[in-house]
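Contents: one structure, followed by commentary.
The values are calculated or read from the model by the stated rules, or taken from the named source; none is laboratory data. Note that this is a predicted model, so its numbers are computed, not measured. Cβ placement follows ideal geometry from the backbone for every residue including glycine, while neighbour counts extend to all protein chains displayed.
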Amino acid sequence: MEGLAHSAPRTPGEKWQLFDVEMVSMLGEVQNDDDFTLLRIEAGSGQSLPAATGRTTLTRMPNGDFMVDSFFDITYEITYQGAPGGPLEGLSGTNTGTMRIQVGDGTPYRQITPLWPDEIDVIGLMDFTPPAAP
């Protein structure tokens, strides 16, 4: 999975930071797998889909770590084709949907340590949960 996000201006080093973010592009692809000849997942305006916008809040904790709360509301597109001889043989299509990607939930156990003073590593903290149906 590859991605590109742009964030609004912020003041590095501040104890509390709130800023808007746009995930411009997210793209992941698998080819020639046992189940799929093609499996592609795309999101963001860089993929000709609606803008994936969100907001991030960084709160510096007393020990110097950051508590991260962030979300993106995205429209995604999944394209697939089942591999010959596999369980999905003969199946193919493209599905489009929307979901919210949420990082953090405001609780202290979601703290992360900065790699550099103004860079944070949020790998492994993403919860890909679709929004509740109305």
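For the range 45-52, state whether one or more residues are under 20 Å from His6 (Cα atoms) and modelled with pLDDT under 80. Can you show your working first?
Filtering the range 45-52 down to residues under 20 Å from His6 (Cα atoms) leaves 45-52.
When the remaining residues are screened for being modelled with pLDDT under 80, the result is none.
Taking every residue of the range 45-52 in turn, none turns out to be under 20 Å from His6 (Cα atoms) and modelled with pLDDT under 80.
Restricting the range 34-81 to residues that are of a type in the set (A, V, I, L, M) and more than 21 Å from Val103 (Cα to Cα) leaves a set whose member that is farthest from the chain's Cα centre (by Cα) is Leu38. Scanning the range 8-38 for residues that are exposed (fewer than 14 other Cβ atoms within 10 Å of the Cβ) and over 27 Å from Ser92 (Cβ atoms) turns up Ala8, Pro9, Thr11, Pro12, Gly13, Glu14, Lys15, Trp16, Leu18, Asp20. Being of a type in the set (A, V, I, L, M), modelled with pLDDT of 90 or more and either within 30 Å of Leu88 (Cβ to Cβ) or touching a helix residue (DSSP H, G or I) at 6+ places or on another chain (Cβ under 7 Å) (or both) is a property that Leu4 lacks.
Rundown of residues vs (1) modelled with pLDDT under 90; (2) not aromatic (Phe, Trp, Tyr), yes/no style:
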residue	(1), (2)
Phe72	yes, no
Leu91	no, yes
Thr113	yes, yes
Val122	yes, yes
Asp127	yes, yes
Ala133	yes, yes
